[in-house]
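Colleague: Have a look at this one before I ask anything.
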Protein chains: 2
Amino acid sequence: MENNNIIYGKNAVLELLKNEKRSINKLVISKGLNRDNKIDEIVNLSKAKGVMFQFVPKEKFLQYKGINHQGVIAYVAPIEYVELDDFLSKEGKSDYKKIIILDGVEDPHNLGSIIRTAVCAGFDAVIISQHRSTLCSATVEKTSAGAINYIDIIKVNSLVNAVELLKKSDFWVIAAEADGKDNYFEVDYTGMNFAIVMGAEHSGVSRTLKKQADFLVKIPMFNEFNSLNVSNATSILIYEATRQIMQKSTFKI
Amino acid sequence: MENNNIIYGKNAVLELLKNEKRSINKLVISKGLNRDNKIDEIVNLSKAKGVMFQFVPKEKFLQYKGINHQGVIAYVAPIEYVELDDFLSKEGKSDYKKIIILDGVEDPHNLGSIIRTAVCAGFDAVIISQHRSTLCSATVEKTSAGAINYIDIIKVNSLVNAVELLKKSDFWVIAAEADGKDNYFEVDYTGMNFAIVMGAEHSGVSRTLKKQADFLVKIPMFNEFNSLNVSNATSILIYEATRQIMQKSTFKI
């Protein structure tokens with residue numbers, strides 16, 4: 001448990017909810033608690049702002065017995081998440097926007113490591129799911145070697161809605177899939193906004209997202225062996241797109 | 001500490017040293033020990049077989065106080081390492097042999113993850129340094145998702161000698177380096193045996209190995225940001241070589 005990522009106590013959590021600049025990953029409230037005005041306000045504000053909250057058995061708070069949490073704890077992100085709308089309405093880092101969408105990556109080390117590669121390659125954003133992903137914590141920040149502060153991290157309620165919006169906003173969607181039709185290097189990543197969708201280590205990209213995708217690509221395997229680590233797989237796709245863009249712009253000259 | 005990776009006690013360690021099939025990462029002997037015939041035999045056998053051994057203060061054994069180690073502990077590898085000579089004299093997996101050389105990768109998770117990618121791409125071997133690398137442990141095996149059993153892992157005393165031998169054996173050597181002259185995708189990996197040398201996360205490839213290399217390549221960076229995680233960087237190079245080989249063989253048809 002990362003204690004530099006929690007804020008506790010009714011007043012502190014209320015202040016946090018009123019502070020536009022801090023991003024909350026999740027809020028937990030003890031089930032045994034007497035509902036007073038402050039708790040009601042916390043619940044109402046959370047609903048209004050779309051902050052995920054859960055009532056949990058008070059035993060869950062035993063690990064925090066040294067602190068005066070009053071039955072309310074918020075897990076905060078070390079960064080401010082960016083809204084997809086805001087991201088879409090601003091300028092990209094280069095001619096076209098490049099995004100990674102993570103569908104169910106649960107290991108914070110993988111998330112950190114993917115963000116690091118995305119930053120190195122000059123990608124514009126990483127989109128994660130509020131419900132199906134590990135969120136940005138101190139561990140993610142550390143594994144990313146600080147890269148988390150150099151890219152837009154967009155946390156959404158529904159990846160399906162996010163992809164729908166991206167497609168309407170002139171993005172091509174490429175999903176990585178073990179049974180993909182083309183090899184990942186047979187798709188042309190140049191001259192377009194694109195989003196690469198990577199799935200969870202075990203279950204892959206969800207069926208709905210695969211249906212939405214414009215391309216399903218695979219990384220070829222030369223062994224009767226299970227798949228790549230998701231952060232390595234993502235790095236391979238990120239830099240293949242980068243290679244194509246760099247080589248194409250060289251040919252132009 | 002991984003207890004499934006240790007063998008302890010004078011007789012057990014002697015048996016281990018006489019067993020050709022088990023690979024020993026390191027042997028530690030307590031400094032306070034009375035030198036008897038068995039200890040002498042252990043030391044002599046270790047020297048004869050090139051097994052690294054160390055005399056350490058007996059306090060180092062306190063963590064093992066529950067077991068009857070008699071002041072002698074061997075750390076064994078979950079696999080049998082392959083000798084470079086043996087590797088060179090046998091058939092490769094495809095027309096040309098493809099190798100990864102790791103110069104100072106100390107994180108077992110990175111080693112495991114690199115082995116996993118190398119296996120997925122059908123590479124022939126991973127070479128590690130006895131002195132400048134984490135060795136194959138249970139953690140490496142687990143992080144590799146078992147891949148460690150599907151590829152030759154070669155542990156050498158001197159990477160410089162190993163690279164020298166590889167060059168004499170018709171291998172091209174490509175070292176990754178932040179200040180490399182060419183981008184990693186501007187080198188032709190096809191139609192030749194090659195070894196890709198990757199350095200430690202902080203210090204990179206050692207100076208001598210860089211001098212030995214035929215090519216110094218860089219992964220282009222689009223941010224004033226520190227480098228990629230070494231397992232991601234290695235994956236990017238491994239699959240760029242794979243892409244070139246696959247696309248070249250397609251063109252032939």
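Colleague: Taking the Cα centre of the range B:1-51 as origin, work out the dipole magnitude from +1 charges on Lys and Arg Cβ and -1 charges on Asp and Glu Cβ, in debye rounded to 20. Intermediate results must be reported in sequence, preceding the final value.
Modeller: Working: 10 positive and 6 negative charges, 22 e Å.
Dipole of the range B:1-51, to the nearest 20 debye: 100 debye.
Colleague: Still on this model: Could you check which residue among B:ILE79, B:ILE101, B:ILE67 shows the biggest mean-square fluctuation in a GNM of chain B with a 10 Å Cα cutoff?
Modeller: Between B:ILE79, B:ILE101, B:ILE67, it is B:ILE67 that shows the largest mean-square fluctuation.
Colleague: A further question follows. Just to check, using Stokes-Einstein with a Kirkwood Rh over alpha carbon pairs, what's the diffusion coefficient of the range A:1-156 at 10 °C and 1.306 mPa s in µm²/s? Working shown, then result.
Modeller: Working: Rh = 16.6 Å.
Estimated via Stokes-Einstein, D reaches 96 µm²/s.
Colleague: Using a label point 7 Å beyond Cα on the Cα-Cβ vector, give me the inter-copy distances for B:GLU20 in nanometres, one decimal, shortest first.
Modeller: 7.5
Colleague: Take every residue in peptide B:118-130, count the Cβ atoms of other chains within 10 Å of its Cβ, and give the average of those counts. Walk me through the numbers on the way to the answer.
Modeller: On the way: counts 1, 6, 13, 7, 5, 2, 0, 0, 0, 0, 0, 0, 0.
So the per-residue partner count for this stretch is 3.
Colleague: At B:GLU59, label 7 Å along Cα→Cβ: distances to the other copies, nm, ascending?
Modeller: For B:GLU59, the inter-copy label distances come out at 4.2 nm.
Colleague: Using a 10 Å cut-off on Cβ to Cβ distances, tally the other chain neighbours for every residue of B:238-244 and report the average as a whole number. Walk me through the intermediate numbers first.
Modeller: Details: counts 2, 12, 5, 0, 6, 9, 1.
Averaged over the peptide's residues, the number is 5.
Colleague: Assume the label is 7 Å from Cα along Cα to beta carbon: what separations in nm does A:LYS38 have to the matching positions in the other copies?
Modeller: Result, one decimal in nm: 6.6.
Colleague: Now, a different point. Across peptide A:216-225, what mean number of C-beta atoms from other chains lies inside 10 Å of a residue's C-beta?
Modeller: Details: counts 0, 0, 0, 7, 7, 4, 9, 10, 1, 10.
Mean partner shielding for this stretch: 5.
Colleague: Note down, for the range B:48-123, the three equivalent ellipsoid semi-axes (square root of 5 times each alpha carbon gyration tensor eigenvalue), biggest first, whole angstrom. Walk me through the numbers before you get to the answer.
Modeller: Details: eigenvalues 240, 55, 24 Å².
Over the Cα atoms of the range B:48-123, the ellipsoid semi-axes are 35, 17, 11 Å.
Colleague: Oh, and also: Provide the convex hull volume over Cα atoms per residue for the range B:84-252, in Å³. Present the calculation step by step, with values, prior to reporting the outcome.
Modeller: Details: hull volume 19.1 nm³, N = 169.
Cα convex hull per residue, to the nearest whole number: 113 Å³.
Colleague: With +1 on each Lys and Arg Cβ and -1 on each Asp and Glu Cβ, and nothing else charged, work out how big the dipole of the protein assembly as shown is about its Cα centre, in Debye to the nearest 20. It would help to have the intermediate numbers written out before the result.
Modeller: Numbers: 62 positive and 60 negative charges, 226 e Å.
In total the dipole reaches around 1080 debye.
Colleague: Given the pairs B:LYS26/B:LYS155; A:LYS47/A:LYS168; B:LYS47/B:LYS210, which span a C-alpha to C-alpha distance of over 19 angstrom in this model?
Modeller: From the list (B:LYS26/B:LYS155; A:LYS47/A:LYS168; B:LYS47/B:LYS210), the Cα-Cα distance tops 19 Å for A:LYS47/A:LYS168; B:LYS47/B:LYS210.
Colleague: Considering the protein assembly as shown, what Rg and Dmax in Å follow from its alpha-carbon atoms?
Modeller: Using the Cα atoms of the protein assembly as shown, the pair Rg, Dmax is 26.1, 79 Å.
Colleague: Can you give the accessible area per residue of chain B, in Å², using a 1.4 Å probe? Provide the component values of the computation, followed by the final result.
Modeller: Values: 11990 Å² over 253 residues.
Value for chain B: 47 Å² per residue.
Colleague: Could you list the square roots of 5 times each eigenvalue of the Cα gyration tensor of the range A:3-76, that is, the equivalent ellipsoid semi-axes, sorted largest first and rounded to whole Å? Intermediate values should be presented prior to the final figure.
Modeller: Working: eigenvalues 63, 41, 22 Å².
Equivalent ellipsoid semi-axes, largest first: 18, 14, 11 Å.
Colleague: What's the magnitude of the charge dipole for the range A:84-252 around its Cα centre, counting Lys and Arg as +1 and Asp and Glu as -1 at the beta-carbon? Answer in Debye, nearest 20. Provide the component values of the computation, followed by the final result.
Modeller: Numbers: 18 positive and 21 negative charges, 40 e Å.
The dipole of the range A:84-252 has a size of about 200 debye.
Colleague: Against the longest principal axis of chain A, how steep is helix A:159-168, in degrees 0 to 90 to the nearest 10, with axes from Cα atoms?
Modeller: 50
Colleague: Now for a different question. From largest accessible area down, sort A:MET221, B:MET246; use a 1.4 Å probe on the protein chains. List each step's numbers first, then the result.
Modeller: On the way: A:MET221 75, B:MET246 45 Å².
Reading off the accessible areas and sorting them downward yields A:MET221, B:MET246.
Colleague: Could you pull out every one of the aspartates and glutamates with an alpha carbon less than 13 Å from that of B:LYS97, ignoring same-chain neighbours closer than 8 positions?
Modeller: Straight-line reach from B:LYS97, under 13 Å: B:ASP124, B:ASP152, B:ASP170.
The values are calculated or read from the model by the stated rules, or taken from the named source; none is laboratory data. Remember, predicted model here, so these are calculated numbers, not experimental data. Positions of Cβ are generated from backbone atoms using ideal geometry, with glycine treated the same way; all protein chains shown enter the neighbour counts. To get the accessible areas, we keep the full protein, side chains included, count just its heavy atoms, and leave off ligands, DNA and RNA. Shrake-Rupley method; radii C 1.70, N 1.55, O 1.52, S 1.80 Å.
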